Amino acid sequence: MSIAALSPDLILTNGTVLTADQNNYQAEAVAVWNGRIGAVGAKSDIEVLGDNRTQLVDLKGRCVLPGLTDPHVHFADGGASMMHRLDCRDFYSNVRSIPQIIEKISEQAQSQPHGTWVVAHGSPMQDFRMPEGRFPTRHELDVASPNNPVTINFGAHITIANSKALELAGVNKSTDAPPGGAIELDDSGELSGKLVERAQYLVREVVPVYSYEQMKKGILFASERCLSRGITNIHDIVTNHESIRAYQELEQASELPIRVSLLIRVIEAAIQKESLLNLGIKTGFGNDWLRIGGVKMSIDGGITGHVAKFYEPYIDDPCHEGLIRIEQGELDETVSAYHKAGHRICIHAIGDVAMDMALRSLDSVLKEDPRVDHRHRVEHLGNWLVNDERLDLIKRNNILPVPNIPFMHYIWESLLACIGHERLEESFNIKTMLEAGLPITSGSDGPAYWPLDSLRDLGTAVSRKTWTGKTVGADQAITVEEAIRMFTINAAYNAFEEKIKGSIEPGKVADFAVLEQSPYEVEPARIKDIPVDMTIVDGEIAFFREGADGLAA
Ligand SMILES: [Zn+2]
């Protein structure tokens, strides 16, 4: 008997299967052979394929989507920090003020021997949401922990350190900040404890780093969250060999719970800029589970520390003007080298100065050395300030903007305070970009920033609601159909994987998110709360929600 003659391993039936294929065909059932989709169609056509060796899942009217993708995460590091850092993040815990942060740090410091590190993390722009309207200072951290070194980061761009930590890092008030970084002094000329962008590495170099074993645990920990929200694919920005080794060991042991595309940071990383070039490894290297998805570099800082580089000053803090971490020359050189070596390039650009630098660099390299289907990305482009001129340049060069819907959902008010209405007038203009023919997806920047939840982001693209219930730019709301495509087939295209992932069609990987209800059947504002009842990866049930009533496998 040939393999083709065998009955399916798995059939999902009696539901609404939103295939996200070219016609957005809705089926009732799907059959899976050996981790791949074999047939999709009407219940009666699919059920007859099964026999007593087939696992039959009666969906009882539930909705099936292709497994969702989050195309911009800091996952291995983020997962490990979720497990090991003291949690002072307001999006996760109930920490809402500086005294509460101090209390948590003090508790941990007192429970540990003198000299042991206390490494905490807060949320991006938490200063805006705390009654004090600022971050804690070195002196406050000293009171909380006089004998133990302390650092607390707020997002990726700001770290506050206490005196012990600064002392161990060899930082004093006359230390020069590295290029692309800043060491803040207070009004009396003393260290405030705040280290910005590249200056954060001064203390990071003395903080104990995560081993690859801890990274492995972090990946597994964060993957559980993904599976519980129907996410089966991520694009992880990795900065060191430990995380890559961790992924590889998990994959080789068949223990990697989700599929991973690695975006390897080649500037400001523990990875040498030339490594991939020297090896001759190109984007796409790997397999359906673990693959090199491109290289990453960051031009400016984050808006979360007033270090994104804009032409106009910050509204709330006109003395800060942002920070360029990579000058145009270094950027052009790196982009050109990686472009010529066959890599896809992902450039972080938050402020409009950085956006223009990224677009200029890509435009000139593509003029000099045209390459069809490069799929170069600009991270955070599409959040704001995509005017007609920039949109033309993006379209002309087939650049993929990767906006971040969670920025709108979680920090809208802080963005307004920082850069004001005018610059946010056409923000998160997903509809405009889709209408321009761009296959837009959205990355979360999680999980350390806020929980990973592509279904929340899908719902927000439709509802345009923030976490406090405010509506932002209702005219840019997109349809449920478009929103589903964003997190499935568009995201697969973004990873050069549209032929094997992103829709429910024969031949593709059998990765599905089974939702309790169809996103078409609930109010837009409620899409984000739809429970995921089951997540299937490679034809295997990888997550099953306790209490998913009557879902029988
Ligand atoms: Zn990021």
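Tabulated data for the structure shown
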item: Positions within the range 245-260 being of a type in the set (Ser, Thr, Tyr), open to solvent by 30 Å² or more (accessible area, probe 1.4 Å) and closer than 15 Å to His235 by Cα, in sequence order; result: none
item: Long-range neighbours under 8 Å by Cβ, at least six apart or interchain, first residue at positive phi within the range 118-146, second of a type in the set (Ser, Thr, Tyr) and crowded, with 19+ Cβ neighbours inside 10 Å; result: Met125/Thr304; Met125/Ser414
item: Residue in the range 468-482 that is farthest from the ligand (Cβ to nearest atom), counting only those that are under 22 Å from Thr304 (Cβ atoms) and either of a type in the set (Gly, Ala, Ser) or crowded, with 17+ Cβ neighbours inside 10 Å (or both); result: Gly473
item: All positions within the range 349-385 that are at pLDDT 95 or above, open to solvent by 10 Å² or more (accessible area, probe 1.4 Å) and either closer than 25 Å to Glu426 by Cβ or hydrophobic (A, V, I, L, M, F, W, C) (or both); result: Asp352, Val353, Asp356, Met357, Arg360, Asp363, Leu366, Arg375, Leu385
item: Some residue of the range 292-310 being among the polar types (S, T, N, Q) and open to solvent by 40 Å² or more (accessible area, probe 1.4 Å); result: no
item: Which numbered condition Ala39 misses (of (1) open to solvent by less than 10 Å² (accessible area, probe 1.4 Å); (2) of a type in the set (A, V, I, L, M); (3) modelled with pLDDT of 95 or more; (4) not in a loop (DSSP other than H, G, I, E, B)); result: (1)
item: Answer residue from the range 430-447, given it is over 19 Å from the mean Cα position of the chain (by Cα) and touching a residue at least 12 places away in the same chain (Cβ under 8 Å) and is surrounded by the most Cβ atoms within 10 Å (Cβ to Cβ) among those; result: Met433
item: Within the range 146-161, tally of residues that are closer than 14 Å to Ile98 by Cβ and modelled with pLDDT of 95 or more; result: 3
item: Residues of the range 71-90 that turn out to be under 26 Å from Leu381 (Cβ atoms) and either acidic (Asp, Glu) or surrounded by fewer than 20 Cβ atoms within 10 Å (Cβ to Cβ) (or both), as a count; result: 1
item: Answer residue from the range 46-100, given it is under 30 Å from Glu28 (Cβ atoms) and of a type in the set (Val, Ile, Thr) and is nearest to the ligand (Cβ to nearest atom) among those; result: Thr69
item: All positions within the range 438-449 that are of a type outside the set (A, V, I, L, M) and either within 12 Å of the ligand (Cβ to nearest atom) or not in a loop (DSSP other than H, G, I, E, B) (or both); result: Gly443, Ser444, Asp445, Gly446, Pro447, Tyr449
item: Matching residues, the range 76-117, being without any contact (Cβ under 8 Å) to a residue 12 or more places away in the chain and in a loop (DSSP other than H, G, I, E, B); result: Ser93, Asn94, Ser111, Pro113
item: The range 105-143, residues that are surrounded by fewer than 19 Cβ atoms within 10 Å (Cβ to Cβ) and basic (Lys, Arg); result: Arg129, Arg134
item: Qualifying residue in the range 417-425 (condition: touching a strand residue (DSSP E or B) at 6+ places or on another chain (Cβ under 9 Å) and surrounded by fewer than 24 Cβ atoms within 10 Å (Cβ to Cβ)); result: no
item: Lone qualifier among Ile281, Ile264, Ile237 - being aliphatic (A, V, I, L, M), open to solvent by 30 Å² or more (accessible area, probe 1.4 Å) and more than 23 Å from Ala542 (Cα to Cα); result: Ile281
item: Some residue of the range 51-59 being over 17 Å from Val537 (Cβ atoms), free of Cβ contacts under 8 Å to residues at least 40 places away in the same chain and either open to solvent by 40 Å² or more (accessible area, probe 1.4 Å) or assigned to a strand (DSSP E or B) (or both); result: yes
item: Among residues of the range 331-348, those that are open to solvent by 20 Å² or more (accessible area, probe 1.4 Å) and either within 16 Å of the ligand (Cβ to nearest atom) or free of Cβ contacts under 8 Å to residues at least 60 places away in the same chain (or both), counted; result: 4
item: Residue in the range 451-466 that is open to solvent by 10 Å² or more (accessible area, probe 1.4 Å), closer than 16 Å to Ile303 by Cα and either in contact (Cβ under 8 Å) with a residue 12 or more places away in the chain or assigned to a loop (DSSP other than H, G, I, E, B) (or both) present; result: no
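One line per residue, one yes/no per condition, for (1) in a strand (DSSP E or B); (2) at negative phi:
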| site | (1), (2) |
| --- | --- |
| Ile504 | no, yes |
| Gly507 | no, no |
| Tyr520 | no, yes |
| Ala525 | no, yes |
| Lys528 | no, yes |
| Ile536 | yes, yes |
| Phe543 | yes, yes |
| Gly550 | no, no |
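The values are calculated or read from the model by the stated rules, or taken from the named source; none is laboratory data. Computed from a prediction, not measured in an experiment: that's the story for all the values here. For neighbour counting, all protein chains shown are included, and Cβ atoms are generated from backbone atoms with ideal geometry for every residue, glycine included. These accessible areas exclude ligands, DNA and RNA; they are computed on the full protein's heavy atoms, side chains included. Shrake-Rupley method; radii C 1.70, N 1.55, O 1.52, S 1.80 Å.
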